[in-house]
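K.L.:
Got a structure for you, questions after.
The values are calculated or read from the model by the stated rules, or taken from the named source; none is laboratory data. Bear in mind the structure is a predicted one, so any value in this text is a computation, not a measurement. FYI the Cβ positions are ideal-geometry reconstructions off the backbone, even for glycines, and counts take in every protein chain you see. With ligands, DNA and RNA removed, areas are computed over all heavy atoms of the protein, side chains included. Shrake-Rupley method; radii C 1.70, N 1.55, O 1.52, S 1.80 Å.
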Amino acid sequence: MTNINQEFQTALKFQKEGKLQQAESIYINILKSDSNHVASLINLGLIEQGKGKLDEATQFYKYAFSLEPNNISLLYLLARITQELNQLDEAIIYWQKLVELKPDSALEFYGNIGNSLVQQGKFDEALNYFRRALEISPKSFQAHQAIGNLLIRQDKLLEAKLEFSKALEINPNYQAAKVWFTLVDKLLKGENLVSFNYQNIPIKFEITGKNLAVEIANIGGNFYEVAELEFIRQNLKVSNPVIVDIGANTGNHLVYFAKIMQAAKVIPIEFHPEIIAALKRHISINQVSNIDLSKLGYAIGKNRGISFIKEHPAKDFCLTEIADNIINGTEVVVVTLDELIQEKVDFIKVDVQGTEIDALVGAKNLISTYQPDMLVEVAKNHIKDFRKFLEAVRYQTVKAFDHGRYVNFYIKSTN
């Protein structure tokens, strides 16, 4: 045992120094001697998680959990990683177990359970957990904020405004509550337009309450995912590019491509009729003319076919998906990007709510022919398949923008 302890300390030292290969090798050797060495299993999981190999990390954590089911640090790792992998029922079980074992931290755990339930559209259950958090800590401005966010999704605007007001009473400097308060106040007053200048260029967007993540950024005087957009502008080596915007939503990225990057042409692709109408209004109020609207009305996949629009219970534009088995759903034509786009393109943005691998497979010829730089939103449970696709088309990751349950990857050809 002394030998194993010494080996473990050596491995831990390597891991802290960033010498992960050496650390990994020692941990594996330890497990050959003692397959139930929990600390080695956890640290191997941390190494795999650091590499972005979340499935492999989860397996290490779960085996360790089978040996030590009351290990609080391990439970926390499992709760976090399953939440990131969108395994929400499982994540909730781990958070609930943490509440039992560490009730003094129940405020945080209840918040995470509530967030998981919101993602599933189980709003009443989520509200119950946020209320429990407030019972534990009546001065939790974060809990008031979470309740306000949820109430907006239920179209209970006056109640939401009250929750944001309470958050600001507790913490007047809480910037998130200030922005959300502004959003709901505008909706209540019927003020549906927000304007800001970006690099001295006037930008305008509508506020609907149906596109929350995007609209919160816009109310704050910025583009949504502005870090990604700026990275594209700084790293794309083509002036006045032709850009394909798959999953254009209501046009946040499109307006940036057209007005800030001065693209020669932007080709938006979006399938939802209500979102398309909002997209067209944003094109009009921002007076951009370099847009090809001929590809609207389609969804992108790996084969041509018919699918159906799947609305999220929150009716949030950002969360709209397509699915094959929707009773009485609105039909949408699915095509491949190879079929839809028959011209040279310089950049492709892909944001398709979990069908990104299918979209990429259906664009393989276009990608191989023109080798455009790309920004692809990838659900974390699809990262392994995404890396396989990159190898197949000889692309590499330039930068990753981590957003919890998904990652935006800027990728380019290695040719």
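K.L.:
Within the set of pairs 6+ apart or on separate chains, which have a first residue in region 239-261 that is open to solvent by 10 Å² or more (accessible area, probe 1.4 Å), a second that is among the basic types (Lys, Arg), and C-beta atoms under 8 Å apart?
P.N.:
Correct list of pairs: 242/265; 242/344; 247/349; 253/349; 260/233; 261/233.
K.L.:
Residue 32 - would you say it is of a type in the set (Lys, Arg) and within 28 Å of the chain's Cα centre (by Cα)?
P.N.:
Answer is no for this residue.
K.L.:
Related question: How many of the residues making up region 176-192 are under 21 Å from residue 223 (Cβ atoms), open to solvent by 50 Å² or more (accessible area, probe 1.4 Å) and modelled with pLDDT under 95?
P.N.:
Total meeting the criteria: 2.
K.L.:
Limited to region 238-290, what total is found for residues that are in a strand (DSSP E or B) and either within 28 Å of residue 323 (Cα to Cα) or charged (D, E, K, R) (or both)?
P.N.:
Number satisfying all stated conditions: 9.
Listed here are the residues, each with its yes/no results for (1) out of contact with any Ser or Thr (no Cβ under 7 Å at 6 or more places or on another chain); (2) under 27 Å from residue 256 (Cα atoms).
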| site | (1), (2) |
| --- | --- |
| 285 | yes, yes |
| 288 | yes, yes |
| 293 | yes, yes |
| 299 | no, yes |
| 305 | yes, no |
| 317 | no, yes |
| 333 | yes, no |
| 339 | yes, yes |
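K.L.:
OK, next. So which residues in region 369-381 are modelled with pLDDT under 95 and either crowded, with 21+ Cβ neighbours inside 10 Å or more than 28 Å from residue 49 (Cβ to Cβ) (or both), if there are any at all?
P.N.:
If the condition is that a residue be modelled with pLDDT under 95 and either crowded, with 21+ Cβ neighbours inside 10 Å or more than 28 Å from residue 49 (Cβ to Cβ) (or both), then 380 is the only one that fits.
K.L.:
Does residue 197 satisfy the condition of being at pLDDT 95 or above, buried (at least 19 other Cβ atoms within 10 Å of the Cβ) and among the polar types (S, T, N, Q)?
P.N.:
No, not satisfied.
K.L.:
Filter region 1-41 down to residues that are among the charged types (D, E, K, R) and within 19 Å of residue 59 (Cβ to Cβ), then give me how many there are.
P.N.:
Looking only at that region, the number is 3.
K.L.:
Still on this structure, I have one more. Can you spot a residue in region 321-342 that is open to solvent by 70 Å² or more (accessible area, probe 1.4 Å) and in contact (Cβ under 8 Å) with a residue 40 or more places away in the chain?
P.N.:
Taking every residue of region 321-342 in turn, at least one turns out to be open to solvent by 70 Å² or more (accessible area, probe 1.4 Å) and in contact (Cβ under 8 Å) with a residue 40 or more places away in the chain.
K.L.:
Output the number of residues of region 200-223 satisfying the condition of being open to solvent by 40 Å² or more (accessible area, probe 1.4 Å) and within 16 Å of residue 286 (Cα to Cα).
P.N.:
5
K.L.:
Quick one: residue 327 ticks every box in (1) part of a loop (DSSP other than H, G, I, E, B); (2) of a type outside the set (S, T, N, Q); (3) within 23 Å of the chain's Cα centre (by Cα) bar one, so which box is it?
P.N.:
The one condition residue 327 does not meet is (3).
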